[in-house]
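Below is one structure; the comments refer to it alone.
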Amino acid sequence: MQIVKRFIFGNNVMSSDWNNTPLEDQINEYLEYHPGYSITTMSMLNGAGYREALVVFNVREERDRKQIEQNKKVKSHD
């Protein structure tokens, strides 16, 4: 599965908010929060008073550790 996320540095014209966190820091923080995601592609846009990054992430399904352990037990009984 893939998702697209928009990151903005500077003036967000859609919400009139100002974000002074660098794009690299925003993307790194997002990846730390979502360890199963990896970047497929990224596009940059430089506008008047802002920079925008559109990032396509591959989403790897992460199974719960409890589910993995249960599957191991089931296989060992076969």
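When residue 57 is tested against (1) in contact with a helix residue (DSSP H, G or I) (Cβ under 8 Å, 6 or more places away or on another chain); (2) of a type in the set (Phe, Trp, Tyr); (3) at pLDDT 95 or above, only condition (1) is not met.
For region 19-29, residues that are surrounded by 15 or more Cβ atoms within 10 Å (Cβ to Cβ) and at pLDDT 95 or above total 3.
Within region 4-18, which residues are in a strand (DSSP E or B) and either free of Cβ contacts under 8 Å to residues at least 24 places away in the same chain or surrounded by 12 or more Cβ atoms within 10 Å (Cβ to Cβ) (or both)? Please lay out each step first, then the result.
Narrowing region 4-18 to residues in a strand (DSSP E or B): 4-12, 17-18.
Matches in region 4-18: 5, 7, 8, 9, 10, 11, 12, 17, 18.
Among the residues making up region 19-51, those that are in a loop (DSSP other than H, G, I, E, B), in contact (Cβ under 8 Å) with a residue 12 or more places away in the chain, more than 15 Å from residue 3 (Cβ to Cβ) and not hydroxyl-bearing (Ser, Thr, Tyr) are 22, 49. Just so you know, in region 41-50 the residues that are at negative phi and either at pLDDT below 95 or in contact with a Ser or Thr (Cβ under 7 Å, 6 or more places away or on another chain) (or both) include one that is surrounded by the fewest Cβ atoms within 10 Å (Cβ to Cβ), and it is 48.
The values are calculated or read from the model by the stated rules, or taken from the named source; none is laboratory data. What you see is a predicted model, and the numbers here were worked out from it, not measured in a lab. Glycine also receives a Cβ, built like all others from the backbone with ideal geometry; neighbour counts cover every protein chain displayed.
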